[in-house]
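Undergrad: This structure is in C-alpha coordinates; I'll ask about it shortly.
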Amino acid sequence: MFVGREKELFDLNKRYQSGKFEFAVIYGRRRVGKTTLINEFVKDKESIVYSATETNSRKNLIDLSKSIYALSSDYENSSGMFLDFQTALEAVFQIAKKRRIVFVIDEYPYLASCAEGIASVFQILIDRFHQESKLFLILCGSSMSFMENQVMGYKSPLYGRRTCQYKIKPFDFFETKKYYKKIRGEDLAILYGITGGIPLYISMMNEELTIEENIKDNFLVPSAYLYEEPLNLIKQECRDASQYNTIIGAIAQGASRLSEICSKTGIDTALASSYLNKLSGLGIIKKEIPFGLSNSKRSWYVLEDFMFRFWYCFVQENISAINRGMQDQVYLRIAPNMSDYMGEVFEEICKQYLWKLLLEGKAAVNFMDIGRWWGTNPETRQQVEIDIMGIEDKETALFGECKWRNEKTDLQVLEKLVACSDLFPYKKKHFYLFSKSEFTKGCMEKSKEMGNVTLVTYQEMLE
(Lines give C-alpha, C1' and ligand atoms only; values in the text may rest on other atoms or scores of the structure.)
Protein backbone atom coordinates (compact mmCIF):
# COMPACT_ATOMS: atom_id res chain seq x y z
CA MET A 1 0.00 0.00 0.00
CA PHE A 2 1.44 3.35 -1.08
CA VAL A 3 0.73 6.13 1.43
CA GLY A 4 1.92 9.73 1.52
CA ARG A 5 4.59 11.43 -0.59
CA GLU A 6 1.86 13.11 -2.65
CA LYS A 7 3.87 16.30 -3.17
CA GLU A 8 7.02 14.50 -4.25
CA LEU A 9 5.13 12.17 -6.58
CA PHE A 10 3.16 15.05 -8.10
CA ASP A 11 6.32 17.04 -8.74
CA LEU A 12 8.17 14.08 -10.26
CA ASN A 13 5.28 13.35 -12.62
CA LYS A 14 5.00 17.01 -13.58
CA ARG A 15 8.68 17.05 -14.48
CA TYR A 16 8.31 13.79 -16.38
CA GLN A 17 5.59 15.33 -18.52
CA SER A 18 7.97 18.12 -19.62
CA GLY A 19 9.78 15.67 -21.89
CA LYS A 20 13.05 17.51 -21.22
CA PHE A 21 16.20 16.17 -19.63
CA GLU A 22 15.77 15.94 -15.86
CA PHE A 23 18.28 15.03 -13.20
CA ALA A 24 16.71 14.34 -9.82
CA VAL A 25 18.62 13.64 -6.61
CA ILE A 26 16.62 11.65 -4.05
CA TYR A 27 18.13 11.03 -0.66
CA GLY A 28 17.23 10.34 2.96
CA ARG A 29 18.01 7.97 5.81
CA ARG A 30 17.58 4.23 5.45
CA ARG A 31 14.05 2.74 5.68
CA VAL A 32 12.44 6.13 4.98
CA GLY A 33 10.74 4.99 1.76
CA LYS A 34 12.93 6.35 -1.04
CA THR A 35 12.80 3.16 -3.12
CA THR A 36 9.05 2.82 -2.55
CA LEU A 37 8.55 6.37 -3.88
CA ILE A 38 10.71 5.63 -6.93
CA ASN A 39 8.89 2.36 -7.64
CA GLU A 40 5.55 4.17 -7.48
CA PHE A 41 6.84 6.84 -9.87
CA VAL A 42 8.22 4.43 -12.50
CA LYS A 43 5.49 1.77 -12.34
CA ASP A 44 3.76 3.00 -15.52
CA LYS A 45 6.87 4.31 -17.29
CA GLU A 46 9.63 2.85 -19.43
CA SER A 47 12.55 2.65 -17.07
CA ILE A 48 15.90 1.20 -16.10
CA VAL A 49 16.09 0.69 -12.35
CA TYR A 50 19.48 -0.41 -11.12
CA SER A 51 20.44 -0.81 -7.48
CA ALA A 52 24.16 -0.60 -6.78
CA THR A 53 25.63 -3.03 -4.28
CA GLU A 54 28.52 -2.88 -1.83
CA THR A 55 30.74 -5.06 -4.03
CA ASN A 56 33.50 -4.41 -6.56
CA SER A 57 33.23 -2.43 -9.78
CA ARG A 58 33.09 -5.51 -12.04
CA LYS A 59 30.03 -6.93 -10.27
CA ASN A 60 28.28 -3.57 -10.40
CA LEU A 61 29.13 -3.16 -14.09
CA ILE A 62 27.69 -6.62 -14.83
CA ASP A 63 24.46 -5.81 -12.98
CA LEU A 64 24.14 -2.39 -14.62
CA SER A 65 24.72 -3.95 -18.04
CA LYS A 66 21.96 -6.50 -17.44
CA SER A 67 19.55 -3.71 -16.48
CA ILE A 68 20.30 -1.82 -19.69
CA TYR A 69 20.16 -4.94 -21.85
CA ALA A 70 16.75 -5.79 -20.41
CA LEU A 71 15.32 -2.50 -21.65
CA SER A 72 16.61 -2.18 -25.17
CA SER A 73 16.15 -4.53 -28.09
CA ASP A 74 19.52 -3.30 -29.34
CA TYR A 75 21.10 -5.67 -26.83
CA GLU A 76 18.58 -8.48 -27.12
CA ASN A 77 21.11 -11.21 -27.80
CA SER A 78 23.87 -9.93 -25.57
CA SER A 79 24.87 -11.94 -22.51
CA GLY A 80 28.05 -10.09 -21.57
CA MET A 81 28.64 -6.63 -20.22
CA PHE A 82 29.73 -3.23 -21.43
CA LEU A 83 33.44 -2.50 -21.61
CA ASP A 84 33.26 0.12 -18.87
CA PHE A 85 30.84 2.39 -17.03
CA GLN A 86 31.22 5.26 -19.48
CA THR A 87 30.19 3.01 -22.38
CA ALA A 88 27.25 1.66 -20.39
CA LEU A 89 26.00 5.07 -19.32
CA GLU A 90 26.48 6.54 -22.77
CA ALA A 91 24.28 3.75 -24.15
CA VAL A 92 21.47 4.92 -21.86
CA PHE A 93 21.85 8.53 -22.98
CA GLN A 94 21.80 7.38 -26.62
CA ILE A 95 18.57 5.40 -26.09
CA ALA A 96 16.99 8.44 -24.43
CA LYS A 97 17.63 10.59 -27.50
CA LYS A 98 14.79 8.69 -29.17
CA ARG A 99 12.26 8.27 -26.34
CA ARG A 100 11.51 9.14 -22.74
CA ILE A 101 13.41 6.88 -20.34
CA VAL A 102 13.62 6.98 -16.56
CA PHE A 103 17.06 5.82 -15.44
CA VAL A 104 17.40 5.15 -11.72
CA ILE A 105 20.58 4.31 -9.85
CA ASP A 106 19.58 3.39 -6.32
CA GLU A 107 22.25 3.42 -3.57
CA TYR A 108 24.46 5.53 -5.81
CA PRO A 109 27.14 5.95 -3.07
CA TYR A 110 27.96 2.23 -3.39
CA LEU A 111 28.61 2.68 -7.10
CA ALA A 112 30.66 5.82 -6.57
CA SER A 113 32.84 4.11 -3.96
CA CYS A 114 33.88 1.29 -6.32
CA ALA A 115 33.79 3.07 -9.69
CA GLU A 116 36.34 5.83 -9.43
CA GLY A 117 35.49 8.89 -11.48
CA ILE A 118 31.85 7.91 -12.08
CA ALA A 119 30.68 11.44 -11.17
CA SER A 120 32.96 12.89 -13.84
CA VAL A 121 31.56 10.40 -16.37
CA PHE A 122 28.04 11.62 -15.60
CA GLN A 123 29.23 15.22 -15.88
CA ILE A 124 30.66 14.62 -19.35
CA LEU A 125 27.55 12.81 -20.59
CA ILE A 126 25.10 15.32 -19.14
CA ASP A 127 26.99 18.24 -20.67
CA ARG A 128 27.13 16.43 -24.02
CA PHE A 129 23.58 15.11 -24.27
CA HIS A 130 21.26 17.12 -22.02
CA GLN A 131 19.93 19.49 -24.70
CA GLU A 132 18.74 16.67 -26.96
CA SER A 133 18.08 14.04 -24.31
CA LYS A 134 14.71 12.80 -23.08
CA LEU A 135 16.38 11.08 -20.14
CA PHE A 136 14.95 11.36 -16.64
CA LEU A 137 17.97 10.52 -14.48
CA ILE A 138 17.55 9.74 -10.78
CA LEU A 139 20.44 9.21 -8.40
CA CYS A 140 19.28 7.92 -5.02
CA GLY A 141 21.21 7.33 -1.81
CA SER A 142 20.89 6.72 1.90
CA SER A 143 24.16 8.36 2.91
CA MET A 144 22.88 11.89 3.32
CA SER A 145 26.29 13.49 3.83
CA PHE A 146 27.59 11.80 0.66
CA MET A 147 24.60 12.90 -1.42
CA GLU A 148 24.77 16.47 -0.13
CA ASN A 149 28.55 16.80 -0.54
CA GLN A 150 29.56 14.44 -3.33
CA VAL A 151 26.50 14.85 -5.58
CA MET A 152 25.06 18.28 -4.82
CA GLY A 153 28.10 19.97 -3.23
CA TYR A 154 29.90 22.71 -5.12
CA LYS A 155 33.12 20.64 -5.24
CA SER A 156 31.34 17.75 -6.97
CA PRO A 157 31.67 17.29 -10.77
CA LEU A 158 27.86 17.08 -10.77
CA TYR A 159 27.41 20.46 -9.13
CA GLY A 160 24.88 22.60 -11.00
CA ARG A 161 23.66 19.74 -13.20
CA ARG A 162 20.71 18.51 -11.12
CA THR A 163 17.32 19.95 -11.99
CA CYS A 164 15.63 19.01 -8.71
CA GLN A 165 16.31 17.32 -5.38
CA TYR A 166 14.14 15.60 -2.79
CA LYS A 167 15.22 14.99 0.77
CA ILE A 168 12.82 12.28 1.88
CA LYS A 169 11.93 12.67 5.52
CA PRO A 170 10.00 10.41 7.89
CA PHE A 171 6.23 10.80 7.90
CA ASP A 172 4.89 13.33 10.35
CA PHE A 173 2.15 12.34 12.79
CA PHE A 174 -0.70 13.24 10.44
CA GLU A 175 0.81 11.28 7.56
CA THR A 176 1.36 8.33 9.90
CA LYS A 177 -2.29 8.56 10.93
CA LYS A 178 -3.36 8.00 7.30
CA TYR A 179 -1.67 4.60 7.24
CA TYR A 180 -3.81 3.12 9.99
CA LYS A 181 -7.48 2.39 9.40
CA LYS A 182 -8.45 0.91 12.78
CA ILE A 183 -6.13 2.49 15.33
CA ARG A 184 -7.56 5.55 17.07
CA GLY A 185 -6.94 8.00 19.88
CA GLU A 186 -3.91 7.87 22.14
CA ASP A 187 -2.61 4.71 20.45
CA LEU A 188 -1.90 6.68 17.26
CA ALA A 189 0.42 9.05 19.10
CA ILE A 190 2.22 6.19 20.83
CA LEU A 191 2.76 4.31 17.58
CA TYR A 192 4.15 7.48 16.04
CA GLY A 193 6.36 7.88 19.10
CA ILE A 194 7.91 4.42 18.76
CA THR A 195 8.23 4.24 14.96
CA GLY A 196 9.40 7.80 14.36
CA GLY A 197 7.27 8.02 11.22
CA ILE A 198 9.54 5.61 9.32
CA PRO A 199 7.27 3.85 6.78
CA LEU A 200 8.89 0.42 7.18
CA TYR A 201 8.46 0.48 10.95
CA ILE A 202 4.91 1.82 10.65
CA SER A 203 4.02 -1.13 8.42
CA MET A 204 5.27 -3.57 11.06
CA MET A 205 2.70 -2.49 13.63
CA ASN A 206 -0.32 -4.79 13.66
CA GLU A 207 -3.63 -2.93 13.86
CA GLU A 208 -5.28 -5.98 15.37
CA LEU A 209 -3.01 -5.88 18.41
CA THR A 210 -2.80 -3.59 21.44
CA ILE A 211 0.07 -1.15 21.99
CA GLU A 212 1.48 -3.50 24.60
CA GLU A 213 1.41 -6.43 22.18
CA ASN A 214 2.99 -4.36 19.38
CA ILE A 215 5.82 -3.20 21.62
CA LYS A 216 6.45 -6.73 22.85
CA ASP A 217 6.31 -8.32 19.39
CA ASN A 218 8.47 -5.71 17.66
CA PHE A 219 11.00 -4.69 20.30
CA LEU A 220 11.09 -7.21 23.14
CA VAL A 221 11.67 -10.45 21.25
CA PRO A 222 15.25 -11.29 20.15
CA SER A 223 14.03 -12.47 16.72
CA ALA A 224 12.04 -9.27 16.04
CA TYR A 225 13.20 -6.92 13.28
CA LEU A 226 13.35 -3.84 15.50
CA TYR A 227 15.09 -5.62 18.38
CA GLU A 228 18.56 -4.75 17.00
CA GLU A 229 17.61 -2.28 14.26
CA PRO A 230 19.39 0.79 15.72
CA LEU A 231 22.59 -1.19 16.24
CA ASN A 232 22.44 -2.58 12.70
CA LEU A 233 21.92 0.88 11.21
CA ILE A 234 24.83 2.31 13.17
CA LYS A 235 27.09 -0.54 12.02
CA GLN A 236 26.10 0.11 8.40
CA GLU A 237 26.78 3.85 8.58
CA CYS A 238 29.59 4.26 11.11
CA ARG A 239 33.01 2.67 11.41
CA ASP A 240 33.45 2.91 15.17
CA ALA A 241 29.96 1.72 16.03
CA SER A 242 30.61 1.23 19.76
CA GLN A 243 31.50 4.90 20.27
CA TYR A 244 28.41 6.08 18.41
CA ASN A 245 26.30 3.66 20.37
CA THR A 246 27.69 5.03 23.63
CA ILE A 247 26.95 8.63 22.63
CA ILE A 248 23.38 7.91 21.57
CA GLY A 249 22.78 6.05 24.81
CA ALA A 250 24.10 9.00 26.84
CA ILE A 251 21.78 11.44 25.05
CA ALA A 252 18.81 9.11 25.54
CA GLN A 253 19.54 9.03 29.25
CA GLY A 254 19.49 12.83 29.55
CA ALA A 255 22.98 14.09 28.65
CA SER A 256 22.17 16.97 26.32
CA ARG A 257 25.12 19.34 26.40
CA LEU A 258 28.49 18.52 24.85
CA SER A 259 30.25 18.68 28.21
CA GLU A 260 27.69 16.30 29.74
CA ILE A 261 28.03 13.85 26.84
CA CYS A 262 31.83 13.86 27.10
CA SER A 263 31.68 13.41 30.88
CA LYS A 264 29.25 10.51 30.66
CA THR A 265 31.01 8.70 27.80
CA GLY A 266 34.65 9.49 28.51
CA ILE A 267 35.13 10.65 24.91
CA ASP A 268 37.19 13.81 24.38
CA THR A 269 35.49 16.95 23.08
CA ALA A 270 36.94 17.01 19.55
CA LEU A 271 36.13 13.37 18.87
CA ALA A 272 32.66 13.65 20.41
CA SER A 273 31.91 16.67 18.22
CA SER A 274 32.91 14.68 15.14
CA TYR A 275 30.65 11.78 16.15
CA LEU A 276 27.76 14.13 16.90
CA ASN A 277 28.08 15.79 13.50
CA LYS A 278 27.96 12.37 11.83
CA LEU A 279 24.86 11.35 13.80
CA SER A 280 23.24 14.66 12.95
CA GLY A 281 23.92 14.07 9.26
CA LEU A 282 22.23 10.67 9.56
CA GLY A 283 19.10 12.27 11.02
CA ILE A 284 19.46 10.38 14.32
CA ILE A 285 20.19 13.37 16.54
CA LYS A 286 19.84 17.11 16.14
CA LYS A 287 21.52 20.10 17.70
CA GLU A 288 19.05 22.61 19.10
CA ILE A 289 19.62 26.21 20.10
CA PRO A 290 17.06 28.44 21.83
CA PHE A 291 14.49 29.66 19.30
CA GLY A 292 15.32 33.01 17.75
CA LEU A 293 19.09 32.71 18.16
CA SER A 294 21.41 31.96 15.26
CA ASN A 295 24.16 30.67 17.50
CA SER A 296 24.35 30.00 21.19
CA LYS A 297 26.55 28.39 23.82
CA ARG A 298 23.29 27.13 25.32
CA SER A 299 22.87 24.55 22.54
CA TRP A 300 21.99 20.97 23.38
CA TYR A 301 21.60 17.67 21.59
CA VAL A 302 18.44 15.58 21.42
CA LEU A 303 17.46 12.37 19.64
CA GLU A 304 15.57 13.37 16.51
CA ASP A 305 14.65 9.80 15.56
CA PHE A 306 11.90 8.63 17.91
CA MET A 307 12.47 4.94 17.22
CA PHE A 308 16.10 5.34 18.28
CA ARG A 309 14.97 7.29 21.33
CA PHE A 310 12.49 4.59 22.35
CA TRP A 311 15.04 1.83 21.80
CA TYR A 312 17.83 3.50 23.76
CA CYS A 313 15.47 4.54 26.56
CA PHE A 314 13.80 1.18 27.08
CA VAL A 315 15.32 -1.68 25.09
CA GLN A 316 19.08 -1.26 25.45
CA GLU A 317 19.07 -1.38 29.24
CA ASN A 318 16.90 -4.52 29.22
CA ILE A 319 18.81 -6.56 26.64
CA SER A 320 19.83 -9.28 29.11
CA ALA A 321 16.27 -9.76 30.38
CA ILE A 322 14.85 -9.80 26.84
CA ASN A 323 17.37 -12.44 25.78
CA ARG A 324 16.09 -14.58 28.62
CA GLY A 325 12.50 -14.34 27.40
CA MET A 326 11.31 -11.89 30.05
CA GLN A 327 9.29 -9.68 27.70
CA ASP A 328 6.34 -9.42 30.09
CA GLN A 329 8.53 -8.28 32.96
CA VAL A 330 10.38 -5.79 30.74
CA TYR A 331 7.13 -4.29 29.52
CA LEU A 332 6.02 -3.81 33.15
CA ARG A 333 9.15 -1.68 33.58
CA ILE A 334 8.44 0.32 30.43
CA ALA A 335 4.72 1.01 30.91
CA PRO A 336 4.96 3.40 33.92
CA ASN A 337 7.46 5.58 32.04
CA MET A 338 5.57 5.88 28.77
CA SER A 339 3.70 9.04 29.79
CA ASP A 340 6.98 10.88 30.47
CA TYR A 341 8.46 9.48 27.26
CA MET A 342 5.47 10.74 25.24
CA GLY A 343 5.89 14.32 26.48
CA GLU A 344 8.53 15.14 23.87
CA VAL A 345 6.65 13.21 21.20
CA PHE A 346 3.48 15.18 21.93
CA GLU A 347 5.44 18.42 21.72
CA GLU A 348 6.55 17.47 18.21
CA ILE A 349 2.97 16.56 17.25
CA CYS A 350 1.80 19.97 18.47
CA LYS A 351 4.41 21.72 16.33
CA GLN A 352 3.24 19.75 13.31
CA TYR A 353 -0.35 20.70 14.12
CA LEU A 354 0.58 24.40 14.14
CA TRP A 355 2.26 24.03 10.75
CA LYS A 356 -0.89 22.32 9.52
CA LEU A 357 -3.01 25.25 10.76
CA LEU A 358 -0.66 27.71 9.09
CA LEU A 359 -0.88 25.93 5.73
CA GLU A 360 -4.68 25.93 6.05
CA GLY A 361 -4.73 29.63 6.86
CA LYS A 362 -6.11 28.99 10.37
CA ALA A 363 -3.15 29.88 12.58
CA ALA A 364 -3.56 32.75 15.01
CA VAL A 365 -0.02 33.92 14.19
CA ASN A 366 1.52 33.73 10.71
CA PHE A 367 4.90 32.51 11.89
CA MET A 368 7.79 31.68 9.59
CA ASP A 369 9.33 29.15 11.96
CA ILE A 370 8.69 27.65 15.38
CA GLY A 371 10.89 25.99 17.98
CA ARG A 372 11.70 25.54 21.63
CA TRP A 373 13.19 28.31 23.78
CA TRP A 374 15.06 28.04 27.05
CA GLY A 375 17.09 30.41 29.15
CA THR A 376 17.43 32.16 32.51
CA ASN A 377 14.83 34.47 34.02
CA PRO A 378 16.94 37.53 34.96
CA GLU A 379 14.71 38.33 37.93
CA THR A 380 14.41 34.90 39.56
CA ARG A 381 17.69 33.49 38.18
CA GLN A 382 15.77 30.31 37.43
CA GLN A 383 15.94 28.29 34.24
CA VAL A 384 12.74 28.51 32.21
CA GLU A 385 11.61 26.73 29.07
CA ILE A 386 8.91 27.42 26.49
CA ASP A 387 7.79 24.35 24.54
CA ILE A 388 6.86 26.24 21.38
CA MET A 389 7.62 29.76 20.25
CA GLY A 390 7.06 31.42 16.88
CA ILE A 391 7.42 34.94 15.53
CA GLU A 392 5.40 36.73 12.87
CA ASP A 393 7.09 40.14 13.01
CA LYS A 394 8.74 42.52 15.46
CA GLU A 395 5.51 42.94 17.36
CA THR A 396 3.75 39.57 17.11
CA ALA A 397 4.63 36.16 18.55
CA LEU A 398 3.04 32.92 19.73
CA PHE A 399 3.86 30.91 22.82
CA GLY A 400 2.80 27.31 23.37
CA GLU A 401 2.78 24.73 26.15
CA CYS A 402 2.15 21.00 25.65
CA LYS A 403 0.91 18.63 28.36
CA TRP A 404 0.67 14.88 27.84
CA ARG A 405 -0.99 13.74 31.05
CA ASN A 406 -4.27 12.17 32.08
CA GLU A 407 -5.48 14.98 34.36
CA LYS A 408 -7.00 18.16 32.99
CA THR A 409 -4.64 21.03 32.21
CA ASP A 410 -5.23 23.77 34.74
CA LEU A 411 -4.98 27.54 35.01
CA GLN A 412 -1.53 27.38 36.54
CA VAL A 413 -0.08 26.12 33.26
CA LEU A 414 -1.52 29.10 31.38
CA GLU A 415 -0.32 31.57 34.01
CA LYS A 416 3.20 30.14 33.90
CA LEU A 417 3.29 30.42 30.09
CA VAL A 418 2.13 34.03 30.23
CA ALA A 419 4.80 34.80 32.84
CA CYS A 420 7.49 33.26 30.61
CA SER A 421 6.29 35.34 27.67
CA ASP A 422 6.96 38.48 29.72
CA LEU A 423 10.66 37.87 29.09
CA PHE A 424 10.03 39.01 25.52
CA PRO A 425 9.04 42.51 24.31
CA TYR A 426 6.32 41.54 21.80
CA LYS A 427 3.21 43.71 22.02
CA LYS A 428 0.88 41.18 20.40
CA LYS A 429 1.01 37.71 21.89
CA HIS A 430 -1.08 34.62 21.29
CA PHE A 431 -0.98 31.59 23.54
CA TYR A 432 -1.61 27.96 22.62
CA LEU A 433 -2.22 25.34 25.27
CA PHE A 434 -2.19 21.73 24.04
CA SER A 435 -3.52 19.00 26.30
CA LYS A 436 -3.80 15.24 26.05
CA SER A 437 -6.96 15.54 28.15
CA GLU A 438 -9.32 18.46 28.66
CA PHE A 439 -8.92 21.77 30.51
CA THR A 440 -10.16 22.81 33.92
CA LYS A 441 -13.03 25.25 34.22
CA GLY A 442 -10.71 27.93 35.59
CA CYS A 443 -8.34 27.58 32.63
CA MET A 444 -11.17 27.81 30.11
CA GLU A 445 -12.70 30.87 31.80
CA LYS A 446 -9.36 32.68 31.94
CA SER A 447 -8.61 31.94 28.30
CA LYS A 448 -11.98 33.43 27.29
CA GLU A 449 -11.33 36.47 29.42
CA MET A 450 -7.89 37.04 27.87
CA GLY A 451 -9.14 36.57 24.31
CA ASN A 452 -5.71 35.68 22.93
CA VAL A 453 -5.57 32.05 24.05
CA THR A 454 -6.34 28.91 22.04
CA LEU A 455 -6.98 25.69 23.92
CA VAL A 456 -6.50 22.49 21.93
CA THR A 457 -7.10 18.94 23.11
CA TYR A 458 -5.40 15.96 21.51
CA GLN A 459 -8.80 14.70 20.35
CA GLU A 460 -9.42 17.98 18.51
CA MET A 461 -6.10 17.58 16.72
CA LEU A 462 -7.28 14.20 15.40
CA GLU A 463 -10.50 15.58 13.90
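The values are calculated or read from the model by the stated rules, or taken from the named source; none is laboratory data. Just so it is clear, the structure is predicted and the values come from calculations on it, not from any experiment. Counting neighbours? That spans all protein chains shown, and the Cβs are built from the backbone with ideal geometry, glycine included. Side chains are part of the model used for accessible areas, which takes the heavy atoms of the whole protein and leaves out ligands, DNA and RNA. Shrake-Rupley method; radii C 1.70, N 1.55, O 1.52, S 1.80 Å.
Undergrad: From the list Tyr159, Tyr110, pick out the single residue that is assigned to a loop (DSSP other than H, G, I, E, B), without any contact (Cβ under 8 Å) to a residue 60 or more places away in the chain and not β-branched (Val, Ile, Thr).
TA: When all the criteria are applied, what remains is Tyr159.
Undergrad: Check off (1) in contact with a Leu (Cβ under 9 Å, 6 or more places away or on another chain); (2) surrounded by 19 or more Cβ atoms within 10 Å (Cβ to Cβ); (3) assigned to a loop (DSSP other than H, G, I, E, B) for Ile138 and give me the number that stays unchecked.
TA: That leaves (3) as the condition not met.
To keep it simple, each residue is scored yes or no on (1) farther than 22 Å from Pro170 by Cα; (2) in a helix (DSSP H, G or I); (3) open to solvent by 40 Å² or more (accessible area, probe 1.4 Å).
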| residue | (1), (2), (3) |
| --- | --- |
| Leu12 | no, yes, no |
| Ala24 | no, no, no |
| Arg29 | no, no, no |
| Glu40 | no, yes, yes |
| Phe82 | yes, no, no |
| Phe93 | yes, yes, no |
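Undergrad: Shifting gears a bit: Please work out which residue is surrounded by the fewest Cβ atoms within 10 Å (Cβ to Cβ), limiting yourself to region 167-222 and to residues that are within 23 Å of Gln327 (Cα to Cα), touching a Leu at 6+ places or on another chain (Cβ under 9 Å) and of a type in the set (Phe, Trp, Tyr).
TA: Checking each candidate, the answer is Tyr201.
Undergrad: Can you list the helices (runs of 4 or more DSSP H) found entirely within region 261-376 that contain at least 2 residues being touching a strand residue (DSSP E or B) at 6+ places or on another chain (Cβ under 9 Å), at pLDDT 95 or above and closer than 30 Å to Asn452 by Cβ?
TA: 338-359
Undergrad: Consider Ile349 carefully, then state whether it is closer than 29 Å to Asp172 by Cβ and either out of contact with any Ser or Thr (no Cβ under 8 Å at 6 or more places or on another chain) or open to solvent by 20 Å² or more (accessible area, probe 1.4 Å) (or both). I'd like the intermediate steps shown before the answer.
TA: On the way: closer than 29 Å to Asp172 by Cβ: yes; either out of contact with any Ser or Thr (no Cβ under 8 Å at 6 or more places or on another chain) or open to solvent by 20 Å² or more (accessible area, probe 1.4 Å) (or both): yes.
When the stated conditions are applied, Ile349 passes them.
Undergrad: Helices (runs of 4 or more DSSP H) wholly in region 381-463 with at least 3 residues that are exposed (fewer than 15 other Cβ atoms within 10 Å of the Cβ) and hydrophobic (A, V, I, L, M, F, W, C) - which ones?
TA: none
Undergrad: Also, quick follow-up: Looking at Ile202, Ile215, which is the one that is within 27 Å of Thr457 (Cα to Cα), in a helix (DSSP H, G or I) and either without any contact (Cβ under 8 Å) to a residue 40 or more places away in the chain or of a type in the set (Lys, Arg) (or both)? I'd like the intermediate steps shown before the answer.
TA: Details: Ile215 fails: either without any contact (Cβ under 8 Å) to a residue 40 or more places away in the chain or of a type in the set (Lys, Arg) (or both).
Answer to the check: Ile202.
Undergrad: What pairs can you find where one residue is in region 135-149 and of a type in the set (D, E, K, R), the other is assigned to a helix (DSSP H, G or I), and their Cβ atoms are less than 9 Å apart, with a gap of 6+ or different chains?
TA: Matching pairs, first to second residue: Glu148/Gly281.
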